[in-house]
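First the structure, in the form of structure tokens, and then the observations on it.
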Amino acid sequence: MVKAIRFNLILDGNPVRNLEGLRKNFNINDVLRYYNNGLLKTWLSVRGYTDSLSKIESISSQDERKIIRDLVNIFEIEIDSKQLEESLYSIVFHKQWQTMLSDNARNNFQHQEVIQNYCNGYDSLLKDMLADKDNMALMKNSMRQISENYLGIFKYHLPSFYDEFMEKAPLAIFVSLMNPVLREYFLSSELSNKFSKDSIKILEVLRNIFDLLKNHLKTFKGDTKEYWNVIESKGNKFMLIGMREGNFVRNAGKDGEKLSASDVNGKFPILDGIDYMSNNPEHEIGYLEV
């Protein structure tokens, strides 16, 4: 009987000999590629991991997002669910984008066809966001793709984008403000005053805007006795949505900083962790995780 030849998988640039190494160096792109070309099954077989192999062979979905979720579960990869969903959308879009570029090159498309494909790709992102308006992972990925690949068309579409999405899918507007490139366009455009006024009007009754984002909004209220209270630790980014007058906020542990409601409302600053100061137990601050 011919002995099966063992080989290593290369994950995230590192040779992997066992399941422990696979978990330690798990890279979604690499593992998905090995799954698609069959090397993952062969590696599991020659290494004697029959249980994992059986689970891999039971995957029947053709949807790459579902396949990746299955792979993460099978190999017991510890990953934040939100981070995973954002990664899934990124991977699928990147493959679609590369396919479009390859098709353009292979078919030697004329300028008009290339432009049409470009516009179709942008329209597809907008339609997906409108169809799934409460999907934070989809919103983050779509706005990232727009900032990286469709900024040219977005700049001219911005006024219409604001009007349509503020009415139909407002989460997209707030996610746009989390993106450093798109944020600059929003806050430096003629929409800045309009957006600020709209937001301040809503903030007259903070609960309205908080309800608008309730599925994703984080809030805190409490009397901190005019001391700084750490409500979110340093190392995580958060965009402030609004707070009441008489309270203060700063980047976690940043001595000397003291942002008031006028520094927050309508400006949506992004902080590294959050320290909060209040002397009113009923006043709430609301923010989104970036």
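Within the stretch 25-52, the set of residues being in a helix (DSSP H, G or I) and under 23 Å from the mean Cα position of the chain (by Cα) comprises I28, N29, D30, V31, L32, R33.
The residues listed here are N120, N141, N104, N149; of these, the one that is more than 28 Å from M178 (Cα to Cα) and either open to solvent by less than 60 Å² (accessible area, probe 1.4 Å) or modelled with pLDDT under 90 (or both) is N104. Condition first: open to solvent by 30 Å² or more (accessible area, probe 1.4 Å) and either modelled with pLDDT of 95 or more or basic (K, R) (or both). Now tell me which residues in the stretch 248-288 satisfy that. Result: F248, K254, E257, K258, L259, K267, I270, D272. For the stretch 221-247, the set of residues classified as more than 14 Å from L288 (Cβ to Cβ), surrounded by fewer than 16 Cβ atoms within 10 Å (Cβ to Cβ) and either at pLDDT 95 or above or in contact with a Gly (Cβ under 9 Å, 6 or more places away or on another chain) (or both) consists of N229, V230, S233, K234, G235, listed by residue number. Flag: Y185 matches the condition of being of a type outside the set (S, T, N, Q), open to solvent by 50 Å² or more (accessible area, probe 1.4 Å) and either touching a residue at least 24 places away in the same chain (Cβ under 8 Å) or outside any loop (DSSP other than H, G, I, E, B) (or both).
Candidates E76, E64, E20, E57: the one that is in contact (Cβ under 8 Å) with a residue 12 or more places away in the chain, under 30 Å from the mean Cα position of the chain (by Cα) and open to solvent by 60 Å² or more (accessible area, probe 1.4 Å) is E76.
Within the stretch 168-202, the set of residues being modelled with pLDDT of 85 or more and of a type in the set (D, E, K, R) comprises K168, R183, E184.
When you scan the stretch 24-54, how many residues do you find that are of a type in the set (D, E), open to solvent by 80 Å² or more (accessible area, probe 1.4 Å) and within 18 Å of N8 (Cα to Cα)? Total satisfying the criteria: 0.
The values are calculated or read from the model by the stated rules, or taken from the named source; none is laboratory data. Please read these numbers as outputs of a predicted model, since none were measured by experiment. Counting neighbours? That spans all protein chains shown, and the Cβs are built from the backbone with ideal geometry, glycine included. Quick note on the areas: whole protein, heavy atoms, side chains included, nothing else; ligands and nucleic acids left out. Shrake-Rupley method; radii C 1.70, N 1.55, O 1.52, S 1.80 Å.
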